[in-house]
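Participant: Structure in structure tokens, see below.
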Amino acid sequence: RGPYMDEAFHVPQAQAYCRGRFLQWDPMITTLPGLYLASVGVMKPAAWLFGWTGSVVCSTGMLRFINLLFSAGNFYLLYLLVFKIHQKNKAVSGFQRILSALTLAMFPTLYFFTFLYYTDPGSVFFTLFAYLMCLYGNHKTSALLGFCGFMFRQTNIVWTVFCAGNVVAEKLNEAWKTKLQKKRDEKIPSRKGPFSDFVRILQFLIEYLISPKNLVTLSALTWPYIVLVAVFFGFVFINGGIVVGDRSSHEACLHFPQLFYFLSFTVFFSFPHLLTPIKIRKFLLSLRKHPVHYTLITVISLFLIWKFTYVHKYLLADNRHYTFYVWRKVFQRHELVKYVLVPVYLFAGWSFADMLKSKSIFWILLYFACLLAATVPQKLLEFRYFILPFLIYRLNIPFPSLYRQLLELAFYIIVNAVTFYLFLNRTFKWPNSDEIQRFMW
């Protein structure tokens, strides 16, 4: 009933804001005060409207209720995004859209924090809302919502850039199609070679982006996002870094294996779509067809794991999180385990990319750039950091069959039930503390 884990910092901070002490700040908090400002903005009018007084206002239970509101909003936003992204697919029924939104709203890593006073539901709410407004062309509103998301978690600026990039990717795709059509009409032969497509696209990007006319057009379309990114850099300069409060445990680094962890995480939670016999067969065919490509990717992966694997002190010390057990039971079994897993990462990466092949090449490049920016700088392996990139990916893959949707939903329900059971019933104590500890994401 009392504040648990990070709530021990969030709840007192929100209560200080409720009492009007806006200059009071707990130096252990690393995010901006979006959650507390939103809480006061809801709680104070509600208290006046319903006549609440005393300890009820901004109590731990009432503050958690804020995240219940955000989670309900996330369900509705996910439904609207499913509808918008897949509106051309006439085979998808209204029931399937609702089912898809419900499944994503119950995504275990996000759903668990509906019931605790953490920043995740609000952070996801404003970022998804910004993405929806971007898809509808309301870019000023999207940038404003992106600012709200940034106030919940600074790394959400990456997904504001993603919204701006959607506009840019659309324009690039139009210009690319025009150029290809012109080549076909003029019967200009294409260069052949293993990296010829990559070279052509890179050449096109450079040509397009050095044109002052194109830059002016893109700037006119994306200026609200440019303003927000400028505000972000201003904040980083004044603050001396992206983290507010305690920076000792949140140092940025080039932790490239985070990408491999994310891909494995995505395959695990999207196994009805990504881990199928057909996919495995197609992957093996691809391996046989492009041995040089896969050999090169394997060598690069091994090098990145060798040189850029970091282990955060929290990961080794805090046995209340699933990541602690994943690391201990898998990665700490032997020094070579992290290298042996490379074939798993290769399949995860191939399957992940294969599901996005219906998107334009520029959208894919944009998404992967944002995925790298959101995950790689994080030293700590924390599944909560994967929520937004996972949801955006999952929203944009081809609409799954009803059978796969139901399988995915059933899996999420089971994972949620097990997590809540462990959290509520499998409590334990540390030797040096009388406080009850609980398992959680």
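The values are calculated or read from the model by the stated rules, or taken from the named source; none is laboratory data. Here the structure is a predicted model, which means the values were calculated and not measured. Positions of Cβ are generated from backbone atoms using ideal geometry, with glycine treated the same way; all protein chains shown enter the neighbour counts. When the accessible area is computed, the model is the full protein with side chains, heavy atoms only, and any ligands, DNA or RNA have been set aside. Shrake-Rupley method; radii C 1.70, N 1.55, O 1.52, S 1.80 Å.
Participant: So T127 ticks every box in (1) open to solvent by 30 Å² or more (accessible area, probe 1.4 Å); (2) closer than 16 Å to L388 by Cα but one. Which box is left unticked?
Facilitator: Condition not satisfied by T127: (1).
Participant: When only residues in segment 130-163 that are more than 17 Å from the chain's Cα centre (by Cα) and among the aliphatic types (A, V, I, L, M) count, which is least open to solvent (accessible area, probe 1.4 Å)?
Facilitator: Ranking the qualifying residues of segment 130-163, first place goes to A143.
Conditions tested, residue by residue: (1) crowded, with 20+ Cβ neighbours inside 10 Å; (2) without any contact (Cβ under 8 Å) to a residue 60 or more places away in the chain.
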| site | (1), (2) |
| --- | --- |
| L69 | no, yes |
| Y76 | no, yes |
| L80 | no, yes |
| I85 | no, no |
| G94 | no, yes |
| A105 | yes, yes |
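Participant: Would you be able to tell me the number of residues in segment 290-334 that are assigned to a helix (DSSP H, G or I), closer than 15 Å to L346 by Cα and of a type outside the set (F, W, Y)? Let's see the steps before the verdict.
Facilitator: So in segment 290-334, the residues assigned to a helix (DSSP H, G or I) come out as 291-308, 313-317, 322-331.
Those left that are additionally closer than 15 Å to L346 by Cα: 291-305.
Filter once more, keeping what is of a type outside the set (F, W, Y): 291-293, 295-302, 304-305.
Residues that pass the stated criteria total 13.
Participant: If you don't mind, another one. Of all residues in segment 335-368, which are in contact (Cβ under 8 Å) with a residue 24 or more places away in the chain, basic (K, R) and part of a loop (DSSP other than H, G, I, E, B)?
Facilitator: K359
Participant: Then there is this: Might you let me know whether segment 420-441 holds any residue that is under 26 Å from I242 (Cβ atoms), of a type outside the set (A, V, I, L, M, F, W, C) and open to solvent by 10 Å² or more (accessible area, probe 1.4 Å)? Even if it seems obvious, please write down each step before you answer.
Facilitator: At the first step, the residues of segment 420-441 found to be under 26 Å from I242 (Cβ atoms) are 440-441.
Now drop any that are not of a type outside the set (A, V, I, L, M, F, W, C), which leaves none.
So far as segment 420-441 goes, no, none of its residues is under 26 Å from I242 (Cβ atoms), of a type outside the set (A, V, I, L, M, F, W, C) and open to solvent by 10 Å² or more (accessible area, probe 1.4 Å).
Participant: Every residue in segment 78-111 that is hydroxyl-bearing (S, T, Y) and not in a loop (DSSP other than H, G, I, E, B), please.
Facilitator: Taking segment 78-111 as the starting set, the residues that turn out to be hydroxyl-bearing (S, T, Y) are 79, 93, 100, 103, 109, 111.
Answer for segment 78-111, where residues must be hydroxyl-bearing (S, T, Y) and not in a loop (DSSP other than H, G, I, E, B): Y79, S100, T103, T109, Y111.
Participant: Would you mind stating whether W48 is in a loop (DSSP other than H, G, I, E, B), of a type outside the set (K, R) and open to solvent by 30 Å² or more (accessible area, probe 1.4 Å)?
Facilitator: Working: in a loop (DSSP other than H, G, I, E, B): no; of a type outside the set (K, R): yes; open to solvent by 30 Å² or more (accessible area, probe 1.4 Å): yes.
Here the answer is no, as W48 does not meet what is asked.
Participant: Do the conditions hold for F352, that is, is it of a type in the set (F, W, Y), within 19 Å of the chain's Cα centre (by Cα) and closer than 25 Å to K289 by Cβ?
Facilitator: Working: of a type in the set (F, W, Y): yes; within 19 Å of the chain's Cα centre (by Cα): yes; closer than 25 Å to K289 by Cβ: yes.
When the stated conditions are applied, F352 passes them.
Participant: So, in segment 1-29, how many residues would count as being in contact with a Phe, Trp or Tyr (Cβ under 9 Å, 6 or more places away or on another chain), touching a residue at least 60 places away in the same chain (Cβ under 8 Å) and either assigned to a helix (DSSP H, G or I) or closer than 15 Å to G245 by Cβ (or both)?
Facilitator: Looking only at that region, the number is 8.
Participant: For the structure I just gave you, tell me whether R320 is open to solvent by less than 60 Å² (accessible area, probe 1.4 Å), more than 18 Å from L254 (Cα to Cα) and modelled with pLDDT under 95. Talk me through it step by step, then tell me what you get.
Facilitator: Values: open to solvent by less than 60 Å² (accessible area, probe 1.4 Å): yes; more than 18 Å from L254 (Cα to Cα): yes; modelled with pLDDT under 95: yes.
Spelling it out, R320 is indeed open to solvent by less than 60 Å² (accessible area, probe 1.4 Å), more than 18 Å from L254 (Cα to Cα) and modelled with pLDDT under 95.
Participant: State whether one or more residues within segment 373-390 are more than 23 Å from Q258 (Cα to Cα), open to solvent by 50 Å² or more (accessible area, probe 1.4 Å) and at pLDDT below 95. Give the steps one after another, and end with the answer.
Facilitator: Restricting attention to segment 373-390, the residues satisfying the condition of being more than 23 Å from Q258 (Cα to Cα) are none.
No; the residues of segment 373-390 include none that is more than 23 Å from Q258 (Cα to Cα), open to solvent by 50 Å² or more (accessible area, probe 1.4 Å) and at pLDDT below 95.
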